1. Please arrange Val508, Val485 by counting, for each residue, the other beta carbons lying within 10 Å of its beta carbon, fewest first.
2. If packing is taken as the mean number of other Cβ atoms within 10 Å per residue, what is the order of 384-390, 301-307, highest first?
3. Around Glu313, which amide H atoms from residues at least 5 apart in sequence, or from another chain, sit under 5 Å from its own amide H, with H modelled in the peptide plane?
4. Order of 134-142, 426-434, 523-531 by packing, highest average Cβ count within 10 Å first?
5. If one takes the longest principal axis of the Cα atoms in the chain, at what angle in degrees, from 0 to 90 and to the nearest 10, does the Cα axis of helix 134-195 lie?
6. Mind ranking 447-458, 80-91, 112-123 by how tightly packed they are, going by the mean number of other C-beta atoms within 10 angstrom, highest first?
7. Around Ile179, with a cut-off of 14 angstrom between Cβ atoms, what is the net charge of the other residues, counting Lys and Arg +1 and Asp and Glu -1?
8. How large is ³J(HN,Hα) for each residue in region 298-315, as worked out from phi by the Karplus curve 6.51 cos²θ - 1.76 cosθ + 1.60 (θ = phi - 60°), to whole Hz, x for Gly and Pro?
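What follows draws every value from the coordinates through simple rules; no lab data is involved. This is a predicted model, so every value here is computed, not measured. Methodologically, a virtual Cβ is constructed for each residue, glycine included, from the backbone with ideal geometry; neighbour enumeration extends over all protein chains shown.
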Amino acid sequence: MPSTFFGLNIASSGLSAYQVALNTTANNIANVQTTGYSRQQSNRVASDALLVHQQYGAVGSGVTTLSVKQIRNQYYDTKYWYNQSSVGLYETKLSYLQQIENYFIDDSSSKGFTTILNTMFNSLDTLKNNASDVNTRQQFIGSAQNLATYFNSVSEGLTDIQKGTNDEIKSTVQNINAIAEKIAVLNKQINVIEIQGGYANELRDQRALLIDELSEIVPTEVSEVPITDTNHPDEPTGANYYTVKIGGQVLVDTYNYETLECKAREYKVNQTDAAGLYDIKWSKTGNTFNAGGSSMSGTLKALFDIRDGNNGENFSGLAKVLNSTEVQITNPSITSIVGVSMPEEGILTINGREYAYEGFTFEQDADGNITSYTFNMKRALTAEEQARVDGRTASVGTSIDAMGIPYYMSQMNQFLRSFATEFNNILKKGVDLDGNSTSGYAFFTGTDTVTGEEFSFDGKDANGNAVNGSGSDTYYKLTAANICVNSMIVKDPTKLATTVDINGKGGVDAYDLVEELATLKSGKVLYRGGTADGFLKCMIADISVDTQQSEIFSKNYQNVASAIDTQRMSISGVDEDEEAMDLIKFQNAYNLSSKMVSVMAEIYDRLILETGV
């Protein structure tokens, strides 16, 4: 038979249970605006019934609060984390593409490419009227300098963006490491609490918030598996294995975590790259973390796409060993000198292995197409390496299907090399005002960043030998960063050629070369099947397509994220109206338990004071 005071015990259990429920509700209300907080719920069950050895067998013993747990749905969390990497990818790309787009804006309020090009050819047209006038010549030269300066400034701006993304890559990697460390610490704290029978709600919320942040940076996978007793495999210990993977590789393994580090490249990947761009490697193993891979996503992927994106136009071909220090590449992907974008010194990747080179030459056919390249290796290849290299696919850099800084720089270089080649070839046929041939120097040239000397583009090496390659004076040397007007012509406008013969019919005012130059604006195919004045349209088209695509996808994935978050918050979020109803419900239950205590007190008074013998 149960104790005489058994009913009081039952009422007391109700008081305790609904006190916990009221406290849980109060905690929910207090955190209604707390970022990352998940609604908590006290879970109650009927206490074990007691056998009373009576005909009715057993009697209930009250209520027990089993736990206070957060309400969270793993399915919606996983969907949200999966979507966040796409949100981070397109938001970041859109931000940087809009910056790139600003450098090519060309309207009436800005001195853009079209305005400068028109001014230059208008000055050229004016030169026809008085070709021997030094001031008219100087006006044209000045407008040509403006065109060169325009490309210099755009190149500088794009390089600044590339440096900015590089710095952001480093800070993002540091953030990933900080998040990994925090998650590992939280895992230990959570397991310590939950092994003792509790449930670390607030710590779990902090951990989930960190995963929310991490999933926007890189694709994130989370796994939580209970740890069971080794002697009793069916009995969980309360602790869990908690694993976080990024890009398919383990970042956090319960209490242990890996870190990433940024390693500055020893060699450039593209001719126009800024120095010291970072690659990401795992700190312990030194293996590369390919954040820019095609299977990746997130903010980090976007930064790599903007910094390194070449639209899949990196150099590649088939390797053929000529000797221990020379490797020839046949069937090259780049067959025109205007499109050559490899650095003078860099890394040639053959059969998955990297080999440093310190220069290259190329051979051209009768039509000027490059048929093969010969790379001078930094060190002699062993016989084993030669066997491994010969006949294999070779490349400089990797194919990145994104239009980033290297792509836009390469497009500017291609246009300028084509334009400068045609422009210079026309002027090199003429004579200056003194009747001297101008074949020995170029009008549009570039400045060597090391020596400060200007190129003549005569196709000779440092020893004066005719050769085509990175070490020779070819249009490969000309880039948007170094293009300029020949300083000799700037200082002395009489060196500018306007005719092939000043002794002919027009004399010093002859302008047959000027008329030929005028056709370069819109009368000759120079760039991507179009003319010089169509260059900007091609660039704007590229940028606009990429920007619009990023804008559309960014909005779409943000909408998806909002929809998933709404579903997620409908389960784990704190609803003020619902909490207010719970407050009243639990208050009434608590009051009834209190009333039960009062009733039992009166019963015990009657039993003890009034029925005693």
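1. Least crowded to most crowded, the residues run Val508, Val485.
2. Descending packing order for the listed peptides: 301-307, 384-390.
3. The list, which skips near neighbours in sequence, is Ile400.
4. Values: 134-142: 17.2, 426-434: 18.9, 523-531: 14.9.
Final packing ranking: 426-434, 134-142, 523-531.
5. 20
6. The densest-packed peptide leads the list: 80-91, 112-123, 447-458.
7. Value of the local net charge: -2.
8. Once θ is set to phi - 60°, the couplings for region 298-315 become x, 4, 5, 4, 4, 5, 5, 4, 5, 6, 10, x, 10, 6, x, 10, 6, 6 Hz.
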